[in-house]
Every structure is written in structure tokens, then in C-alpha cells.
1. Among the candidates PHE216, PHE189, PHE227, which residue alone is hydrophobic (A, V, I, L, M, F, W, C), touching a Gly at 6+ places or on another chain (Cβ under 7 Å), at pLDDT 90 or above and in a strand (DSSP E or B)?
2. Do we have GLN309 as at pLDDT 70 or above, in contact with a Cys (Cβ under 9 Å, 6 or more places away or on another chain) and closer than 24 Å to ILE213 by Cβ here?
3. Name the strands (runs of 3 or more DSSP E) wholly within region 108-156 that hold at least 3 residues that are out of contact with any helix residue (DSSP H, G or I) (no Cβ under 7 Å at 6 or more places or on another chain) and without any contact (Cβ under 8 Å) to a residue 24 or more places away in the chain?
4. Condition test on PRO335, is it of a type outside the set (Val, Ile, Thr), at pLDDT below 90 and in a loop (DSSP other than H, G, I, E, B)?
5. Scan region 164-188 and report the pairs whose first residue is over 17 Å from ARG154 (Cα atoms) and whose second residue is of a type in the set (D, E, K, R) and not in a strand (DSSP E or B), with Cβ atoms within less than 8 Å and a gap of 6+ or a chain change.
6. Give ARG281, ARG379, ARG345 a once-over and let me know the one that is surrounded by fewer than 19 Cβ atoms within 10 Å (Cβ to Cβ) and either at negative phi or at pLDDT 90 or above (or both).
7. Do you know which residues across region 52-72 are among the aliphatic types (A, V, I, L, M) and part of a strand (DSSP E or B)?
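The values are calculated or read from the model by the stated rules, or taken from the named source; none is laboratory data. What you see is a predicted model; the values in this text were computed from it and never measured. Glycine gets a Cβ as well: all are built from the backbone with ideal geometry, and neighbour counts include every protein chain shown.
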Amino acid sequence: MRLSAAHMPCESFMPPNNRFLYIVAGLLCATSAPVGAQPTILPTLASQYRIVFAEDFRYSSVDSLLSPHLRKWAPEHTWGNANWIASTPCGNIGTDNVAYRREDIRLVPNPDDPRDQCVALDFNYHAEPLRQVTSARTGKVTTGEFYKTSGMLRALFRGDSLCTEEGFRYGIFEIRCRVPNISGLQAAFWLWSGNGACGPLPAGWTAGDSWEIDGFETINTNGRRDFFSTLQANALGGHRRRVGNYYFRSADEPAVRFHTYTLVWTPRTLAWYLDGKLYKRLRNPRNSDRNQVGIPDQEMGLLLSTHYQWDCKNNYHCPVLPDSVTRNDQQCPQPNDPFLVDYVRVYRPVALNSDGTWPLVDRPRQPRRLPAPAKEQAR
């Protein structure tokens, strides 16, 4: 591993422009974590963990994948599938105006094994913009000028939930995937507590405040695809965040080969792994119940999503026509560059350690030492 600053410990979160982690041929080198710290290699989970959610995307059709009888995936957020704010600069290019459609989800052969199958979350360009987008979940119709739409999936896991909407409360989340290669196409594997999740709110928070944990969020700009792994409080408002990021030495590596990305979320630890190798970690003090680093304890929805940051003109978010006045030149080619997912897994421990920690991934609590008995004074 090479860092832009002197080898900082994995626990250290720095703003993305200050810390880069280079990955050569998809392999991570050892970090400077101290001896006895959480291992830099993700342990084999089979013996002490069980799978509580698994998806291999082996369906006969997208309708089967999204079947209300199966109730395993939804093609949109809890709040719906489209948003349009007419006053937002750049229209459908801006981040405020989005549309997710089930038509932008496909099942395709696995490039590594045609006998297997993947899900493709597409980016689609509409030369004639869609004037309305209808939610598959609620039937709500959103009107606007949607030149660009994309695909997303939200896991419908009820194993924990007493909430309005489905969510997970802790787990080891794993995805094997290939991300887009074209500049300006964003893909994400993430957890969000907003709009429907429930649970205790941190002190000073009010209804509507939310947590976000990004297993990764990735976008290619200026010929380099950056991956961001974040813990964010109020991502849609104050956007207080702890961020780490890295990129592959070869810009197209994560697009032409499958890699496995793992997020560990326990009450005491947040850790991010790439192909089983640790590159980021947050954790609470070993012998304290204080949530010093702010690890969320709310249920959070698991999402696989795509989003445009792409506008055909070097990723300027307000491109203009040749007259240098008219904004939003929409004459874009089809990207044909999906977010391709082989599988998703979520693991939970079969049993906790005797001290309440998660086996293999948490640091065990240190036994408290009793004070030595006072020596009896000679009479």
C-alpha cells in the first residue's frame, strides 16, 4: 500500500483529497495497523457465520426478480423512483433530478461463465425525454424532462424489522461486481436509514435525520475511477462525513474484472475490505461501551444503485450548445456500460463471543485486571 501521506493507520479517516490508497493489480498491501489489531485479511466466515440474505440473480425474468410474492427486491427507494425540481440548474443532469425504472434492470449472462447469470443496472439515454415516470411501488407519477434514467435495487429484508420499511441492523455485507468504465457513470453499494427506517436517534437528531454507510460509491472522472467508502450523518442535509477513498492503478480494472467488496458493520466496528483485504476501519475502544466513533445502530436499507454524473461534455454539469448560451446539450450516445452484479451476501454470527463481540471481525474485550491484594504488614 502506498499513501499520499506517511503511512497513516487504517482507523484514520481523512477528506478524500488528502488521502489516496493505490491498488496495484487489484491487490492491497499490508497497512500500518498495530500488531494485534483486526486482521488485514478478512477471515473465512463459514464456520462461525450464517448467511441471512443471499442473491445470485438466477431468475427467468426481471418480473420474477421483482415479484411481489417473493418480496426480495424493489426497483426504487422507499420514497419512490423519481424526483424533479424544475428550478434546479442543468435539469436531468443535476443530482436533484433522478429517475429509476424497472426497465433499466436486466438479467444477463455472466461474462466469466455464460452458464451463470448477473443483474445489470443500466444507464439509459432518451433522445426524446420521458415526460413522466411512474413508481412501480406506489403508482405515483412524477412529471419532468427525463433524458436519463438508470436502474437500482433495494433489498427487502424483514429479518430484523419493526420499522415501516425493510432494513438490516448490523451484518457483513458482500458484493461481487463490475462497475461502469465510462466517465461520469456512478455506481454504489450502500446502506441508508432514511425514509422509513427506525431505531434510536443520536442526541440532538430529529425525525428525518439519517445515516448512510457506503460500502463503496464510485465514479470515473478525468480518467480515474475513485471509490469512496464513507460513514455519513445527514447525507442529504449537513452531510457530516468520514471518508476514505482509493483507486485502481489501471483505470479500467474494476470494470473489466469482477472484484469482491465487503462492508463489516457491527455495534463496535466498521471495516471495508476489497478482495478480502482490509483498507479502512473505524472501531470503538476495546473496553468501553461508549460509541466514540458514532457507529449507527439504526436499521438501514441495503441498496445497489446507479446514477448519472454524465453530460457528454467533459462532465461539466451545465453544458451548452455551440451558441455558448443554450444549456443542456442532450445529444448523448447510449452508454451501454452497466453496473454488473454477480451476487450479494449478508452474514451474521451464529453466536456472539462470550464478551458480546462479533467473532473474527471485532477486537475481543481485554479482561479487566483486578488490583493486586495489599501485602499484609508484619506485626
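1. Details: PHE216 fails: touching a Gly at 6+ places or on another chain (Cβ under 7 Å); PHE227 fails: touching a Gly at 6+ places or on another chain (Cβ under 7 Å).
Going through PHE216, PHE189, PHE227 in turn, just one is hydrophobic (A, V, I, L, M, F, W, C), touching a Gly at 6+ places or on another chain (Cβ under 7 Å), at pLDDT 90 or above and in a strand (DSSP E or B): PHE189.
2. Details: at pLDDT 70 or above: yes; in contact with a Cys (Cβ under 9 Å, 6 or more places away or on another chain): no; closer than 24 Å to ILE213 by Cβ: yes.
Judged against the criteria, GLN309 is not a match.
3. Details: elements: 113-121, 123-134, 141-150, 152-155.
Passing ranges, in order: 113-121, 123-134.
4. Answer is yes for this residue.
5. ARG178/ARG257; PRO180/ASP337; ASN181/ASP252; ASN181/ASP337; ILE182/ASP337; GLY184/ASP311; LEU185/ASP337
6. Working: ARG281 fails: surrounded by fewer than 19 Cβ atoms within 10 Å (Cβ to Cβ); ARG345 fails: surrounded by fewer than 19 Cβ atoms within 10 Å (Cβ to Cβ).
Of the residues listed, the single one that is surrounded by fewer than 19 Cβ atoms within 10 Å (Cβ to Cβ) and either at negative phi or at pLDDT 90 or above (or both) is ARG379.
7. VAL52, ALA54 - these are the residues of region 52-72 that are among the aliphatic types (A, V, I, L, M) and part of a strand (DSSP E or B).
Residue-by-condition table, conditions (1) surrounded by 22 or more Cβ atoms within 10 Å (Cβ to Cβ); (2) in contact with a His (Cβ under 6 Å, 6 or more places away or on another chain); (3) closer than 14 Å to PHE339 by Cβ; (4) not hydroxyl-bearing (Ser, Thr, Tyr):
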residue	(1), (2), (3), (4)
TYR125	no, no, no, no
GLN132	no, no, no, yes
THR142	no, no, no, no
PHE146	yes, no, no, yes
MET152	yes, no, yes, yes
ARG158	no, no, no, yes
TYR170	no, no, no, no
ARG176	no, no, yes, yes
